[in-house]
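Taking it in order: structure first as structure tokens, then the write-up.
The values are calculated or read from the model by the stated rules, or taken from the named source; none is laboratory data. Fair warning: this is a prediction, and the values are worked out from it, not measured in the lab. Ideal geometry is used to build each Cβ from the backbone, glycine not excepted, and the neighbour counts take in all protein chains shown. Keep in mind that these areas ignore ligands, DNA and RNA; they rest on the heavy atoms of the full protein, side chains included. Shrake-Rupley method; radii C 1.70, N 1.55, O 1.52, S 1.80 Å.
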Amino acid sequence: GRQYAPPRQLLLKDETETRFKDVQCSESSVWGLTPTGKVIVWEMVPQMISEHLTSTPMPRFCSGGRSLNGMKRPVKQMSVGVMHAAFLTEDGQVYCLGRNSYGECGVDPSVQNMASSCRRVSFPKHCQPVLRVECGKSHTVAVGAEGQCLSWGDDSKIQLGLGDTRSAVGEERPRTGSRGFLNMRQTGEAMAPGSAFRGDGTGSRAASTSQKNYKDFESHQQSKPVFMMDIPLESDRQVHGIPYPPPSDLKCGDDFTLMLVRDSPDWYPPEEESERLFCCGENGKGQCGRSMQQQQQTFAACRLPKNSKIQGFSCGSDHCLAVLRRVGAKKQELWCWGSNACGQA
């Protein structure tokens, strides 16, 4: 049966007291980030605890933590996934470590399926320094210096935000909806009714609007950072055609990606600002926060109250939480969506 292990202190070798500003867990390890930018990792923690439970007397602390090396500058932010981790240094460089089965560490998995030491990820020059990085189960996303969103790793659930890459033709409605409206404003080409034909008389299907296309029998993955697609406009913004600003924050679940953007005009005072959450990827358990008509979905807004300010949000494996405050209200609201298999929602 299950055994309960009471809380115990994790100690670093040769140090009796170390302060941390962030602590995260992977499948079998605990990762800590100190205020000075040092990363400490305790490996094989479940096995360590099991051994302690059989010891008499039971130890009151777990030792064995070690410093993580291989990065030239101190770390200012880290994100730990199930089997891989990403670190953002003070100079805006991104390093990845761990499993690389889908290219989530930024290297071709056919060449190296495991990053056993910290590996620096290469970005286009105008994207550096990187501002933020986040890990999902098998994918990684980052925000560049000018607000560009980039992603790499597993794309089998279209969680990289590259559009509908599940078929060779990609998105079959490039001239309808918000994407068609933007195309009409930019090129003057009329929006198409319903079907995905070009309208050139040939009856051929529309060209893909996805950032990447996969050939038959090709793995749906990216081993290098790829630019994510622009967030499609909602109906009330289509009249003006004003694109959303760069995201202010993003999070990843196992197979989906959440992005926070400002929805109100930039001249609004802080107390009237509103924000929207957009999600793409796996939606089999409702983790995208809208209808379940499609199991995987491209970027679209979560169905949270409009005219609200997101105070904070976070993702689990397949569920999400958000704290928001409606404009003009003082009370904060907690919203949850996704899987409730263990009562987490």
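Here the chain has 49 percent of its accessible surface on carbon and sulfur atoms, given a 1.4 Å probe and all protein chains in place. Considering the range 211-345 at the alpha-carbon level, its Rg and Dmax are found to be 16.0, 53 Å.
In the context of the full protein assembly, M78 retains an accessible surface of approximately 10 Å², using a probe radius of 1.4 Å and ignoring ligands and nucleic acids.
Return the calculated 222 nm mean residue ellipticity for the chain, to the nearest 500 deg cm²/dmol, obtained by summing -39500 (n - 2.57) across DSSP H runs with n ≥ 4 and dividing by the residue count. Can you show the working numbers first?
Details: 3 runs with 24 residues, N = 345.
Helix-only estimate at 222 nm: -2000 deg cm²/dmol.
Quote to one decimal, in nm, the extra length available between E271 and N213 on full extension: 0.36 nm per residue of separation minus the C-alpha distance between them. Don't skip to the end; give the middle numbers.
Values: separation 58, 0.36 × 58 = 20.88 nm, distance 4.27 nm.
Computed gain between E271 and N213 is 16.6 nm.
In terms of solvent-accessible area of protein heavy atoms at a 1.4 angstrom probe, what is the ranking of T36, T140, highest value first? Display every interim value, and only then the final one.
Values: T36 105, T140 0 Å².
The ordering from most to least exposed comes out as T36, T140.
At a 1.4 Å probe radius, which order do W267, W337, W152 fall into by accessible area, largest first?
On the way: W267 185, W337 30, W152 0 Å².
I get W267, W337, W152, largest accessible area first.
Protein heavy-atom accessible surface, 1.4 Å probe, per residue over the range 60-103: 42 Å².
Just add up the charged neighbours of C149: K/R +1, D/E -1, any other residue whose Cβ is under 13 Å from the Cβ of C149.
Values: positive: R132, K251; negative: E134, E146, D230, D249.
Net of charged neighbours comes to -2.
Note the angle between two axes, namely the Cα long axis of helix 177-187 and the longest principal axis of the Cα atoms of the chain, as a number of degrees from 0 to 90, rounded to the nearest 10. Helix 177-187 and the main axis of the chain meet at about 60 degrees. Taking label positions 7 Å along the Cα-Cβ direction at both Q332 and Q112, the computed distance is 4.2 nm, reported to one decimal.
Listed cross-link partners K125/K215; K72/K157; K72/K306; K137/K330; K72/K224 are compared with a 32 Å cut-off, the Cα-Cα value being larger for K72/K157; K72/K306; K137/K330.
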